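Below: the structure, in structure tokens.
The values are calculated or read from the model by the stated rules, or taken from the named source; none is laboratory data. Because the structure is predicted, anything quoted here is derived from the model rather than measured. With ideal geometry, Cβ positions are generated from the backbone for all residues, glycine too; neighbour counts draw on all protein chains shown.
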Amino acid sequence: MSAPARTRPAGACSIDELLAEARSRISRLLPGEAAARLRAGAVLVDIRPAAQREHEGTVPGALVVERNVLEWRFDPASDARLPEATGYDVEVVVLCSEGYTSSLAADALRALGLIRTTDVIGGFRAWVAAGLPATSGTSSSGSGAP
């Protein structure tokens, strides 16, 4: 058994670099701004896994699409798309727990051509802290996972 490689391969980037690149291509929203966009017709998509939603709580009216199938459900050209994936101009606001995974997911949707996709700065936790509508989960403390 050999030791793991410690030198980054050519062309590879760190998760911090990957996240910064993704965020450079999207216009992120504060929770209050996101709520205003929802009132104007945007689709809020909660990509957190079921266990995390159960633990933390949910946003009433959010469309739940777990991260592992997001691109298939929102690509207007996909046979597996949701009815909400009405075209490339649909405004999608992605929500995760703390606003990390949602940035990567929003950028992936942007790469598919959904150029009005963004995410919530601080994620669900910031949404709740801003006093926006949410159901309670089984715990008020978080796991610290993105």
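The rows are residues; the columns are (1) among the β-branched types (Val, Ile, Thr); (2) over 13 Å from the mean Cα position of the chain (by Cα); (3) under 19 Å from Ala111 (Cβ atoms).
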site	(1), (2), (3)
Thr7	yes, yes, no
Ala20	no, yes, yes
Arg28	no, no, yes
Arg37	no, yes, no
Leu44	no, no, no
Ile47	yes, no, yes
Gly57	no, yes, no
Ala80	no, yes, yes
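One residue stands out in the range 52-70 among those that are touching a residue at least 60 places away in the same chain (Cβ under 8 Å) and β-branched (Val, Ile, Thr): the one that is farthest from Ser136 (Cα to Cα), namely Val59. Residues in the range 108-118 that are surrounded by 22 or more Cβ atoms within 10 Å (Cβ to Cβ) and either under 8 Å from the mean Cα position of the chain (by Cα) or not hydrophobic (A, V, I, L, M, F, W, C) (or both): Thr117, Thr118. Ala126 meets each of the listed conditions (1) assigned to a helix (DSSP H, G or I); (2) without any contact (Cβ under 8 Å) to a residue 60 or more places away in the chain; (3) of a type in the set (A, V, I, L, M, F, W, C) apart from (2). Is there a residue being of a type in the set (Lys, Arg) and closer than 26 Å to His55 by Cα anywhere in the range 107-125? Yes - at least one qualifying residue is present in the range 107-125. Confirm whether Ala134 is touching a helix residue (DSSP H, G or I) at 6+ places or on another chain (Cβ under 7 Å), at pLDDT 95 or above and closer than 16 Å to Val64 by Cα. So Ala134 passes the test.
When restricted to residues that are hydrophobic (A, V, I, L, M, F, W, C) and over 23 Å from Ala22 (Cβ atoms), the range 84-128 contains 1. Going through (1) in contact with a Leu (Cβ under 9 Å, 6 or more places away or on another chain); (2) at negative phi; (3) buried (at least 18 other Cβ atoms within 10 Å of the Cβ) one by one, Gly123 falls short only on (2).
Results for (1) out of contact with any strand residue (DSSP E or B) (no Cβ under 8 Å at 6 or more places or on another chain); (2) among the aliphatic types (A, V, I, L, M); (3) modelled with pLDDT of 95 or more, shown as yes or no for each residue.
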position	(1), (2), (3)
Ala40	yes, yes, yes
Pro49	yes, no, yes
Pro60	yes, no, yes
Trp72	yes, no, yes
Val93	no, yes, yes
Val120	no, yes, yes
Gly123	no, no, yes
